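Novice: Submitted below is the structure of interest, expressed as structure tokens.
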Amino acid sequence: MSKSGAMDLASGLGGKINKAEVKSAVDEYEKYHGYYGGKEEARKSNYSDMVNKYYDLATSFYEYGWGESFHFAHRWNGESLRESIKRHEHFLALQLGLKPGMKVLDVGCGIGGPLREIARFSSTSVTGLNNNEYQITRGKELNRQAGVSGTCDFVKVKALEYVGLAPQGSERVSNFLEKAAEGLVEGGKEKARGIARKLNDDAGGICHQESGECV
């Protein structure tokens, strides 16, 4: 992380949790786990709250030690961690066949490191889906600093449990996006459904225009 990035974290610029709320957030998060008497039923029924508590507390540590992209990549001899991650993100953009002007959806985007890098590398517009307000606020500030607010954005979702579907192929991606759309806050559903319809059409499927459902 750059010196300015560390200062952003210290000052709480773009994504923060009030000092007075940290202890209560830790206590509430710990209560979900068995070591502290938490029950499996409580974790399942309050899944979204548990996950948000975790990322509210952990995100700044992730960024400080890991950078803006919360993933790993194979490293070549003499290559830094950051260089390997950037190379991997460029590789993904090339494998996806991204072209200038395309619109890309990043599901579970963290603070948006990969979406910013891929948007700049491929001249595309990338929208990130995330259920954590802390990460979205931080991501938007990083977009502003990187000068990509016009091509990179975030949409808040209510839940990302659907990521566990691990979609494969256009039909499953279409179904996955239909499911993801159910969790989008107002204003984001049609965007995801539009992408789902496009994927389905490319795969030869049929989408109902009124309901947005794809078969």
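The values are calculated or read from the model by the stated rules, or taken from the named source; none is laboratory data. Remember, predicted model here, so these are calculated numbers, not experimental data. Reconstructed Cβ throughout: ideal geometry from the backbone, glycine too, with neighbour counts over all protein chains shown. We work out accessible area using only protein heavy atoms, side chains counted, and drop any ligands, DNA or RNA first. Shrake-Rupley method; radii C 1.70, N 1.55, O 1.52, S 1.80 Å.
Novice: Of all residues in segment 18-33, which are within 12 Å of L57 (Cβ to Cβ) and touching a helix residue (DSSP H, G or I) at 6+ places or on another chain (Cβ under 8 Å)?
Specialist: V22, A25, V26, E28, Y29, E30
Novice: Does segment 127-144 contain at least one residue that is exposed (fewer than 14 other Cβ atoms within 10 Å of the Cβ) and of a type in the set (F, W, Y)?
Specialist: No, because not a single residue in segment 127-144 is exposed (fewer than 14 other Cβ atoms within 10 Å of the Cβ) and of a type in the set (F, W, Y).
Novice: In segment 92-103, what residues are open to solvent by 50 Å² or more (accessible area, probe 1.4 Å) and either modelled with pLDDT of 95 or more or more than 19 Å from the chain's Cα centre (by Cα) (or both)?
Specialist: L94, Q95, K99, P100, G101
Novice: Could you tell me which residue of segment 14-41 is modelled with the lowest pLDDT, considering only residues that are charged (D, E, K, R) and open to solvent by 100 Å² or more (accessible area, probe 1.4 Å)?
Specialist: K16
Novice: So, K44, is that one part of a helix (DSSP H, G or I) and either modelled with pLDDT of 80 or more or crowded, with 17+ Cβ neighbours inside 10 Å (or both) or not?
Specialist: no
Novice: If we scan segment 67-83, do we find a residue that is part of a helix (DSSP H, G or I) and open to solvent by less than 60 Å² (accessible area, probe 1.4 Å)?
Specialist: Taking every residue of segment 67-83 in turn, at least one turns out to be part of a helix (DSSP H, G or I) and open to solvent by less than 60 Å² (accessible area, probe 1.4 Å).
Novice: Return the residues of segment 48-64 that are surrounded by fewer than 14 Cβ atoms within 10 Å (Cβ to Cβ) and in contact (Cβ under 8 Å) with a residue 12 or more places away in the chain; say none if nothing qualifies.
Specialist: Residue satisfying the conditions is Y64 alone.
Novice: As an exercise: evaluate D106 against (1) open to solvent by 60 Å² or more (accessible area, probe 1.4 Å); (2) closer than 21 Å to V157 by Cβ and give the number of the one condition it does not meet.
Specialist: Evaluating D106 over (1) open to solvent by 60 Å² or more (accessible area, probe 1.4 Å); (2) closer than 21 Å to V157 by Cβ leaves (1) as the failure.
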